[in-house]
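These notes concern the structure reproduced below.
The values are calculated or read from the model by the stated rules, or taken from the named source; none is laboratory data. It should be emphasised that the depicted structure is a prediction, and the values quoted were computed from it without experimental measurement. Please note: Cβ atoms are built from the backbone with ideal geometry, for glycine as well, and neighbour counts cover all protein chains shown. Note: accessible area is taken over every heavy atom of the protein model, side chains too, but ligands, DNA and RNA are not part of it. Shrake-Rupley method; radii C 1.70, N 1.55, O 1.52, S 1.80 Å.
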Amino acid sequence: MDKIRILVVDDEIRMRKLVGDLLKKENYNVLEAEDGVEALHLFFDEKNIDLILCDVMMPRMDGFEVVKEIRKYSKVPIIMLTAKGDESDELTGFHLGADEYISKPFNSKILLARVGAILRRSNSLAAGEMIRSGGIELDIAAHEARIDGKNIDLSYKEFELLTYFMQNQSYALSREKILNNVWKYDYLGDVRTIDTHVKKLRNKLGEKGKYIRTIWGMGYKFEPDEY
């Protein structure tokens, strides 16, 4: 079986080496780019990158621009790495389609755990399954979502979130439970990131966004009108 290929994007040589060495010890195939422009060239030339670890602040093209450009063509999982702790930067990354956000300096075990978790989720979603409810259809193998037969564009994390909601139809789900089951690790950030993702998901679902009902003081519940 081919090794999993991870693209590490950072303008600091020391950081690329640190992250690259950690990943290589776990038997990942690591590619490196020193800025956003080189990252895009590598991504589109190689065509089979499984995961991207991308710094935010870089010359020529920053990490946000990299995510924005890649999301026009691919759902590949993207983890943002940044020295900044500003919540607005984190929200910007999520809005553009990033799947995870890790602040520097980070614990090497935490980084590897998140990489492993997101790759496992990506592989499991590719296993093949169809989920249908309330006029919404999820094709897990193709990673496609449709409303009344029409495709809608969801980020990797939005697709996972909707999958979890639909698999647990009619159950009230706390924010903590959603984090533990969708993010698959003890999330170090604010649980309000769930609210950000739900808001974006509702907007993309249009009229069917109302199926994701808010349970005040707790979390959310997916409940179509027909249920």
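Annotations
- Violating pairs (Cα-Cα greater than 24 angstrom) within the set Lys24/Lys200; Lys109/Lys199; Lys68/Lys177; Lys75/Lys200; Lys3/Lys150: Lys24/Lys200; Lys109/Lys199; Lys68/Lys177; Lys3/Lys150
- Within the range 47-106, the chymotrypsin sites (Phe, Trp or Tyr not before Pro) that combine a DSSP coil assignment with at most 16 other C-beta atoms in a 10 angstrom radius are Tyr73, Phe106.
- Per residue, the chain exposes 49 Å² of accessible surface when a 1.4 Å probe is rolled over the protein heavy atoms with every protein chain present.
- Here the chain carries DSSP beta bridges of which approximately 50% are antiparallel, counting only pairs with both residues inside.
- Per-atom-type breakdown for the chain gives carbon and sulfur 48% of the accessible area (1.4 Å probe, protein chains only).
- Computed about its Cα centre, the charge dipole of the range 22-173 is approximately 440 debye, with only Lys, Arg, Asp and Glu carrying charge at their Cβ.
- Local charge for Ile147 was computed over the other residues whose Cβ lies under 10 Å away, with Lys and Arg +1 and Asp and Glu -1, and equals +1.
- Debye, to nearest 20: dipole size of the range 136-212, +1 on Lys, Arg Cβ, -1 on Asp, Glu Cβ: 240 debye
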